[in-house]
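To start, the structure itself, in C-alpha coordinates.
The values are calculated or read from the model by the stated rules, or taken from the named source; none is laboratory data. Just so it is clear, the model here is predicted, and its values are computed rather than measured. Positions of Cβ are backbone-derived with ideal geometry, glycine not excepted, and every protein chain shown enters the neighbour counts. Just so you know, the surface numbers come from the protein's heavy atoms only, side chains and all, with ligands and any DNA or RNA stripped out. Shrake-Rupley method; radii C 1.70, N 1.55, O 1.52, S 1.80 Å.
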Amino acid sequence: MTDKQEMDIKSIGAELAKILIDMTDEEKAVAFAMMKGMVVGKQIAEQQKTA
(Lines give C-alpha, C1' and ligand atoms only; values in the text may rest on other atoms or scores of the structure.)
Protein backbone atom coordinates (compact mmCIF):
# COMPACT_ATOMS: atom_id res chain seq x y z
CA MET A 1 0.00 0.00 0.00
CA THR A 2 1.38 3.39 -0.93
CA ASP A 3 1.62 6.32 1.46
CA LYS A 4 -1.11 8.12 -0.54
CA GLN A 5 -3.48 5.15 -0.24
CA GLU A 6 -2.82 4.98 3.50
CA MET A 7 -3.54 8.71 3.89
CA ASP A 8 -6.73 8.34 1.81
CA ILE A 9 -7.92 5.53 4.08
CA LYS A 10 -7.16 7.58 7.20
CA SER A 11 -9.01 10.57 5.72
CA ILE A 12 -12.06 8.46 4.90
CA GLY A 13 -11.96 6.96 8.40
CA ALA A 14 -11.89 10.42 9.95
CA GLU A 15 -14.87 11.54 7.88
CA LEU A 16 -16.83 8.41 8.80
CA ALA A 17 -16.03 8.97 12.48
CA LYS A 18 -17.44 12.52 12.27
CA ILE A 19 -20.62 11.23 10.64
CA LEU A 20 -21.06 8.43 13.19
CA ILE A 21 -20.67 10.83 16.11
CA ASP A 22 -23.58 12.91 14.81
CA MET A 23 -25.88 9.95 14.10
CA THR A 24 -28.58 8.75 16.46
CA ASP A 25 -28.51 5.14 17.66
CA GLU A 26 -31.42 4.34 15.34
CA GLU A 27 -29.59 5.80 12.33
CA LYS A 28 -26.46 3.81 13.25
CA ALA A 29 -28.50 0.60 13.49
CA VAL A 30 -30.01 1.17 10.03
CA ALA A 31 -26.62 2.00 8.51
CA PHE A 32 -24.94 -1.09 9.95
CA ALA A 33 -27.85 -3.32 8.87
CA MET A 34 -27.51 -1.96 5.33
CA MET A 35 -23.74 -2.60 5.32
CA LYS A 36 -24.25 -6.15 6.60
CA GLY A 37 -26.83 -6.72 3.87
CA MET A 38 -24.33 -5.58 1.24
CA VAL A 39 -21.64 -7.89 2.62
CA VAL A 40 -24.01 -10.87 2.64
CA GLY A 41 -25.20 -10.02 -0.87
CA LYS A 42 -21.62 -9.91 -2.12
CA GLN A 43 -20.86 -13.27 -0.50
CA ILE A 44 -23.91 -14.84 -2.17
CA ALA A 45 -22.89 -13.39 -5.54
CA GLU A 46 -19.36 -14.80 -5.13
CA GLN A 47 -20.75 -18.22 -4.24
CA GLN A 48 -22.98 -18.19 -7.33
CA LYS A 49 -19.99 -17.33 -9.53
CA THR A 50 -18.02 -20.31 -8.29
CA ALA A 51 -20.98 -22.74 -8.34
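Here Ala45 passes the criteria (1) of a type in the set (A, V, I, L, M, F, W, C); (2) open to solvent by 90 Å² or more (accessible area, probe 1.4 Å); (3) at pLDDT 90 or above except the one numbered (2). Taking first residues from segment 8-19 that are among the charged types (D, E, K, R) and partners that are surrounded by 10 or more Cβ atoms within 10 Å (Cβ to Cβ), no Cβ contact under 8 Å between residues at least 6 apart in sequence or on separate chains turns up. When restricted to residues that are open to solvent by 100 Å² or more (accessible area, probe 1.4 Å) and farther than 25 Å from Phe32 by Cα, segment 1-16 contains 3.
The set of residues in segment 19-33 being surrounded by 10 or more Cβ atoms within 10 Å (Cβ to Cβ) and either touching a Phe, Trp or Tyr at 6+ places or on another chain (Cβ under 8 Å) or not small (Gly, Ala, Ser) (or both) consists of Ile19, Leu20, Met23, Glu27, Lys28, Val30, Phe32.
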